[in-house]
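The values are calculated or read from the model by the stated rules, or taken from the named source; none is laboratory data. The structure displayed is predicted, hence computed values, not measured ones. Cβ atoms come from the backbone with ideal geometry, glycine included; neighbour counts cover every protein chain shown. These area figures cover heavy atoms from the full protein model, side chains too; ligands, DNA and RNA do not enter into them. Shrake-Rupley method; radii C 1.70, N 1.55, O 1.52, S 1.80 Å.
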2 protein chains.
Amino acid sequence: MTTTASAPPVRNGIDTAQVYGTLDVLKAQPEAARFEFRVRNRWIDGTHSRSTIHDFWGAGAEDASRAEPFVLDASEPPVLFGHNEAPNPAEILLHALAGCLTLTIVNVAAARKVNLYEVSSTLTGVLDARGAVGIDDSYRNGFERIDVAFSIRGDAKAEKLQEIVDRAKARSVVYDMVTNGVPVAVDVTTD
Amino acid sequence: MTTTASAPPVRNGIDTAQVYGTLDVLKAQPEAARFEFRVRNRWIDGTHSRSTIHDFWGAGAEDASRAEPFVLDASEPPVLFGHNEAPNPAEILLHALAGCLTLTIVNVAAARKVNLYEVSSTLTGVLDARGAVGIDDSYRNGFERIDVAFSIRGDAKAEKLQEIVDRAKARSVVYDMVTNGVPVAVDVTTD
């Protein structure tokens, strides 16, 4: 009797059997690929606001997996007229980018049978506030550039780990949005 | 003896005297306008990672106003291979956009002597996951579009409130980045 070694279904904390099953579903039922994410935000005072993040549409149905909403705040430090109630929105955007690149690296590594030991990163964004405050339009409002420095260790050669990062850049949802931009429509009700 | 009515220094929770003082500093000392924000992220397991947000450079010095770092997590719901340890990165990007537009609206309203009673918003982002999972390149990875619905009430006419929102769109740091994109450089260390 012979046994064939099968890949462990969970690698890097990712259930690869679930991943491949999901890919089959998305190929067979393209309508399952539509996701709609929602955030509700409410101003509290000064620069301070609060978002609740709970429901979304995905995989052909309203998601019901979250018993409670996530609650995230945003504000500014005193030098930017707030009271440090929370990170500021530019920092939160860097967090979104870090989280997305990291989980995409982990997913890609799992699919390529690479076990990761460490994925850590430092993100830096630089801006000149003369743009956002409106005193010199030769500066944009946002970051001139973002630098991401990853430190990655796993049971693969440096070349393969670099390929995994390159693939993650090509597939990351937030990296796409931050580098390429997204059309944003703003509607206002005032009654 | 006559007294002149002066504008209250704090409006909508914003110290307008501080704002105007800062504008004067930025005009006189342009080097004070450089801000560098930093986020450090570490993979925990599966889709779950954690960012610490603490120090930054701004107004000509390393900021020392935050005694403790902010800690923010990111993950995915089960349908996207996580365990709902935190909101997902695309939702966090919407939160960053909501927080930035909201505080910019509040700042602009304060400068224009408008008292706000309510600023709330719902943000929606739609994507087709066939892009990000790599089975159909005709779909982008990120949101096709983002819709922002604001509800705003204050002691000004609808037209003026709309003008405040328009000005905030023109000055928001994160709205600029999300709509126009930012160059991102990714460096990898694997030893």
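Considering A:Arg66, A:Arg130, A:Arg50, which residue is in contact with a strand residue (DSSP E or B) (Cβ under 6 Å, 6 or more places away or on another chain), among the charged types (D, E, K, R) and farther than 17 Å from B:Asp45 by Cα?
Values: A:Arg66 fails: in contact with a strand residue (DSSP E or B) (Cβ under 6 Å, 6 or more places away or on another chain); A:Arg130 fails: in contact with a strand residue (DSSP E or B) (Cβ under 6 Å, 6 or more places away or on another chain).
A:Arg50 is the lone residue from the list that is in contact with a strand residue (DSSP E or B) (Cβ under 6 Å, 6 or more places away or on another chain), among the charged types (D, E, K, R) and farther than 17 Å from B:Asp45 by Cα.
Determine if region B:75-88 includes at least one residue that is modelled with pLDDT of 95 or more, within 7 Å of another protein chain (Cβ to nearest Cβ), in a helix (DSSP H, G or I) and within 17 Å of A:Ala96 (Cα to Cα). Lay out the reasoning, then the answer.
Of region B:75-88, the ones modelled with pLDDT of 95 or more are B:75-88.
Retained after the next criterion (residues that are within 7 Å of another protein chain (Cβ to nearest Cβ)): B:76-79, B:81, B:84, B:86-87.
Filter once more, keeping what is in a helix (DSSP H, G or I): B:78-79.
Cutting the leftovers down to within 17 Å of A:Ala96 (Cα to Cα) gives us none.
No, region B:75-88 contains no residue that is modelled with pLDDT of 95 or more, within 7 Å of another protein chain (Cβ to nearest Cβ), in a helix (DSSP H, G or I) and within 17 Å of A:Ala96 (Cα to Cα).
Can you give me the number of residues within region B:48-72 that are more than 8 Å from chain A (Cβ to nearest Cβ) and either under 26 Å from A:Arg11 (Cβ atoms) or aromatic (Phe, Trp, Tyr) (or both)? Lay out the reasoning, then the answer.
Going through region B:48-72, the residues more than 8 Å from chain A (Cβ to nearest Cβ) turn out to be B:50, B:52, B:54-55, B:57, B:60-62, B:64, B:67-69, B:71.
Now narrow it down to the ones that are either under 26 Å from A:Arg11 (Cβ atoms) or aromatic (Phe, Trp, Tyr) (or both): B:50, B:57.
So the count comes out to 2.
Within region B:117-135, restricting attention to residues that are buried (at least 24 other Cβ atoms within 10 Å of the Cβ) and out of contact with any Leu (no Cβ under 8 Å at 6 or more places or on another chain), the residue that is nearest to A:Phe35 (Cα to Cα) is B:Leu127. How many residues does region B:167-191 contain that are modelled with pLDDT of 95 or more and either part of a helix (DSSP H, G or I) or more than 7 Å from chain A (Cβ to nearest Cβ) (or both)? Residues flagged as modelled with pLDDT of 95 or more and either part of a helix (DSSP H, G or I) or more than 7 Å from chain A (Cβ to nearest Cβ) (or both) within region B:167-191 amount to 13. Out of (1) closer than 30 Å to B:Ala111 by Cα; (2) within 19 Å of the chain's Cα centre (by Cα), what's the single condition that is false for A:Glu76? Against the list (1) closer than 30 Å to B:Ala111 by Cα; (2) within 19 Å of the chain's Cα centre (by Cα), A:Glu76 comes up short only on (2).
Condition check ((1) without any contact (Cβ under 8 Å) to a residue 24 or more places away in the chain; (2) under 29 Å from A:Val119 (Cα atoms); (3) of a type in the set (Asp, Glu)) across all residues:
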| residue | (1), (2), (3) |
| --- | --- |
| A:Pro9 | yes, yes, no |
| A:Gly13 | no, yes, no |
| A:Val19 | no, yes, no |
| A:Leu23 | yes, yes, no |
| A:Ala28 | yes, no, no |
| A:Ala86 | no, yes, no |
| A:Leu93 | no, yes, no |
| A:Val106 | no, yes, no |
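Exactly one residue out of B:Tyr117, B:Tyr139 is farther than 24 Å from A:Gly58 by Cβ and touching a residue at least 12 places away in the same chain (Cβ under 8 Å): that is B:Tyr117. The residue list B:Ile146, B:Ile164, B:Ile105 contains one member that is touching a helix residue (DSSP H, G or I) at 6+ places or on another chain (Cβ under 8 Å) and closer than 25 Å to A:Leu101 by Cα, which is B:Ile146. Picking from residues in region A:145-166 that are assigned to a helix (DSSP H, G or I) and of a type in the set (Asp, Glu), the one that is least open to solvent (accessible area, probe 1.4 Å) is A:Asp166. Out of everything in region B:9-45 that is within 7 Å of chain A (Cβ to nearest Cβ) and among the β-branched types (Val, Ile, Thr), what residue ends up being most open to solvent (accessible area, probe 1.4 Å)? That would be B:Val19.
Exactly one residue among A:Leu101, A:Leu123, A:Leu127, A:Leu94 is at negative phi, within 16 Å of the chain's Cα centre (by Cα) and outside any helix (DSSP H, G or I), and that residue is A:Leu123.
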